[in-house]
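To keep things clear, I will list the structure first and then write my remarks on it.
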Amino acid sequence: MFRALASVLLCCFFLEASFWVHFSYGDLTTCSGIVPMTERGDKISITDFGGVGDGQTLNTIAFRKAIYRIQLLRRRGGALLFVPSGVYLTDSFNLTSHMTLYLARGAVIKATQDTSNWPLIAPLPSYGRGRERPGGRYMSFIHGDGLEDVVITGENGTIDGQGDIWWNMWRQRTLQFTRPSLVEFVNSRGIVISNVIFRNSPFWNIHPVYCSDVVIRYVTILAPPDSPNTDGIDPDSSSNVCIEDSFISTGDDLVAVKSGWDEYGIAYGRPSSYITVRRVTGSTPFAGVAVGSETSGGVENVLAENINLYNSGVGVHIKTNIGRGGVIKNITVSELFMENVRTGIKVAGDTGDHPDNNFNSNALPYVKDLTLKNIWGVNVQRAGWMHGIENATFTGICLSNVTLQGTTGPRPPSWNCNAIRGAAIEVSPRPCAELTSVEQSGSCASHS
């Protein structure tokens, strides 16, 4: 079923200067035009460099040689690295600029489970340390740093992180450093990821950090529901990110927008902005659409629409904490359907841990201008939990045309609110008093 939901044809991409000027192909609105799909003049195959897709031969040298050739030749328009059908076992490797990694139907790039030689890299400056452990962190399985014009695509081939060995180390508390993501781009721009299946990431699946102009479309991301921290897509201190037409079923948030961790994120000061999430379907024990909890650089101008969630923990989760600092503003979620969900809408100012004891408890996050409209839920156990922070009330919250039906029983789903202000129009069940005051009706002025 997962493959059927994600199987689609390759789509062409066209450049557009303004991020939130959307294209419409027929009735399909898309933001994917922010990055052009490049036609590569040079094409090589991993088999030309000794690649063997038998599932046993280690292909690390083959991948590194092939990518080095692309880097060295610098052909105009770049080059395409073709991976034919087969299972290609490899250690982690770095991509280069102006390249396309193309996975044919039936191709699998599979991570080795030998963790002893996995390369370590420095912590992200906006995190100050590894997210899980002090010190450095393991490099992502497929990595890119300081790149431009990179495409990962194909005919729904698979990138398999074989993450269970890493999950077990996390459970057994034997990790020495933070687990590797499956795919990570750092300080890069002009990135397209499409028509690929991602499986069993050791940690976060797709992590663009300090990036701009990123399109992630027509992907399937799969991990068991009990796999720890296997977030689907985490735009992090990045701008102009388009996520569309994808199926995600993992052990953590499907999409989580981030921007750094406490004092390190405040000092780095790079927000996430202009993020679009559209036509995403999936399930998770955590949140379908999330902001945070690492939001110290700020998060603004996020649009999530046409989202379908099933058997999940939370529909929408805006999460931050004392010590985070940063401003979260102009977040819009619309046209969201959820079924069998514990909590429909959660806004929390007490979520997430700290990197160390040096965080500033006076660094309060400010959350304002959240619009949640045209949301429908069935079998929702709790309608909403919305708790801001004393002395930093979350303001400008608008709920419009929201219906969250409970499970069978005498009590409907309820709301619980504190330290928030906003308004509600056509919301069922009846929301808390903090969202019904006449003075705050301006929060929903454009939806009345």
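The values are calculated or read from the model by the stated rules, or taken from the named source; none is laboratory data. Since the structure is predicted, the reported quantities are computational estimates derived from the model, not experimental observations. Heads up, the Cβs are rebuilt from the backbone with ideal geometry, glycines too, and the neighbour counts pull from every protein chain shown. For the accessible areas, the whole protein counts, side chains as well, though only heavy atoms, and no ligand, DNA or RNA atoms are used. Shrake-Rupley method; radii C 1.70, N 1.55, O 1.52, S 1.80 Å.
Data overview
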| quantity | calculated |
| --- | --- |
| Qualifying residue in the stretch 47-54 (condition: among the polar types (S, T, N, Q) and either within 19 Å of Val151 (Cβ to Cβ) or buried (at least 16 other Cβ atoms within 10 Å of the Cβ) (or both)) | yes |
| Some residue of the stretch 249-258 being over 12 Å from the mean Cα position of the chain (by Cα) and part of a loop (DSSP other than H, G, I, E, B) | yes |
| So Ser92, is it free of Cβ contacts under 8 Å to residues at least 60 places away in the same chain, small (Gly, Ala, Ser) and over 30 Å from Asn357 (Cα atoms) | no |
| Total residues in the stretch 141-197, condition crowded, with 24+ Cβ neighbours inside 10 Å and of a type in the set (Phe, Trp, Tyr) | 3 |
| Selected residue (only one of Val314, Val333, Val341, Val289 is open to solvent by 10 Å² or more (accessible area, probe 1.4 Å), among the β-branched types (Val, Ile, Thr) and more than 14 Å from the chain's Cα centre (by Cα)) | Val314 |
| Residue match in the stretch 264-273 (condition: open to solvent by 20 Å² or more (accessible area, probe 1.4 Å), under 20 Å from Thr320 (Cβ atoms) and aliphatic (A, V, I, L, M)) | yes |
| Condition check for Ser126: open to solvent by 20 Å² or more (accessible area, probe 1.4 Å), among the small types (Gly, Ala, Ser) and over 16 Å from Ile197 (Cβ atoms) | no |
| Asp145 among the charged types (D, E, K, R) and in contact (Cβ under 8 Å) with a residue 24 or more places away in the chain | yes |
| Every residue from the stretch 71-82 that is open to solvent by less than 10 Å² (accessible area, probe 1.4 Å) and under 17 Å from His143 (Cβ atoms) | Leu81 |
| Listing of strands (runs of 3 or more DSSP E) fully contained in the stretch 143-220 that carry 2 or more residues being more than 19 Å from Pro36 (Cα to Cα), at pLDDT 95 or above and in contact with a strand residue (DSSP E or B) (Cβ under 6 Å, 6 or more places away or on another chain) | 157-160, 183-186, 196-199, 206-209 |
